[in-house]
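Shown next, in structure tokens, is the structure this report addresses.
Values in this text are rule-based calculations from the coordinates and carry no lab data. These numbers were taken from a predicted model, which means no experiment stands behind them. All Cβ positions, glycine included, derive from the backbone under ideal geometry; neighbour counts span all protein chains shown.
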Amino acid sequence: MSRRVQPGHANHERWLVSYADFITLMFAFFVVMFAASQADRAKVKRVAESVTRALEDGPGRTVRPTKVEIVVGPASGQGRDEKAVNNGAFNYQSEARLAASAQAAELLPSLQYLSVQLKKEIESGKMRISMEGRGLVVSLRQATFFPSGEDTIDPATYSSLQKVATAICQLPNPVRLEGHTDAVPIHTARFRSNWDLSAARAIAVLELLTTRFNVPLQRLAIAGYAETIPIAANDTEDGRARNRRVDIVILNRQQLVNEPAPAAGATGSPAQPVKPPPAPQPQNSHAPV
């Protein structure tokens, strides 16, 4: 007599095997994603630290520039978000600042050269060097380079300007010369307003760079801002003195994209050297500007 085979019990817990496999795969996936994000974060941190060291010391250098302010980013003075990078909170803002750091690295050799060559002028407050988003800015204090209310450059400062001209000639970057005044209005026989004076001082620097130090005229541009872009309050004499300046701005390549360029195929006679402005006439300025 044949034996009857008893039907086996159905295994209702087999789904646990598939569930465990799924959980294992998900765990592995998130581990890989976490590891990848940690690697990117570390890479960003290393890049940020590398750029910072380059801005401070330069490759292979151990001497830091004396009293040189390095501003990476907008001209308003906002710096790199170190806390965001160190904590891993890397966002679009910090990414933009790292991009600005890369642009600043383009002009690092010039920053290093000028910070060494102009060490005495920087320490005495006659000149100031800053790295901004638009490029390398060398500020000339009016009290050092120009007599009060005039646009004639003091010959005693030619040696300092020659060092700046040497740095300019070693680069292909365009240069903008920006004149600034304080908020005290001027109205003389030669200068009807602060606009005239700021532009005239920028032209005077252009004339000196091109005729005496052979900087190509086509690489230069001038701008007069009068009192519209102060760097200090105008309610104190010290603040007004800081605002009276000419900024020599060596533009970086990113800023060059926004600069005007000659039209393709345009022809014309070569640019001629600018004639020196007429000698200043006796004037009666209300206050130093």
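Subtracting the Cα-Cα distance of Ala263 and Lys120 from 0.36 nm times their residue separation leaves 47.2 nm of extension gain.
Here the label points at Glu106 and Arg192, each 7 Å from Cα along the C-beta direction, are separated by 3.8 nm in the simple model. Loop-located chymotrypsin sites (Phe, Trp or Tyr not before Pro) across region 182-263 with a Cβ neighbour count of 16 or fewer within 10 Å are Phe213, with loop assigned by DSSP. Here the extension length gained between Asn234 and Phe30 equals 67.7 nm, from 0.36 nm per residue of separation less the Cα-Cα distance. Cα gyration tensor of region 146-186, axes a ≥ b ≥ c as square roots of the eigenvalues: rounded (a/c below 1.5), prolate (a/b > b/c) or oblate? Taking the square roots of the gyration eigenvalues as a ≥ b ≥ c, region 146-186 is oblate.
All C-alpha pair distances within region 115-218, sorted into 5 Å bins from zero, spread as 2, 11, 22, 24, 21, 13, 6, 1, 0 percent across the bins. Legend: calculated FRET efficiency, Leu217 to Ala156, from the Cβ-Cβ distance at R0 = 22 Å, rounded to 0.05, equals 0.30.
As a proxy for reagent exposure, Ile23, Ile231, Ile222, Ile248 were ordered by neighbouring Cβ count within 10 angstrom, fewest first; the result is Ile23, Ile231, Ile222, Ile248. The ranking of Met26, Met127 by Cβ neighbour count inside 10 Å, starting from the fewest, reads Met26, Met127.
Ranked for footprinting exposure by Cβ neighbours inside 10 Å, fewest first, Ser193, Ser110 give Ser193, Ser110.
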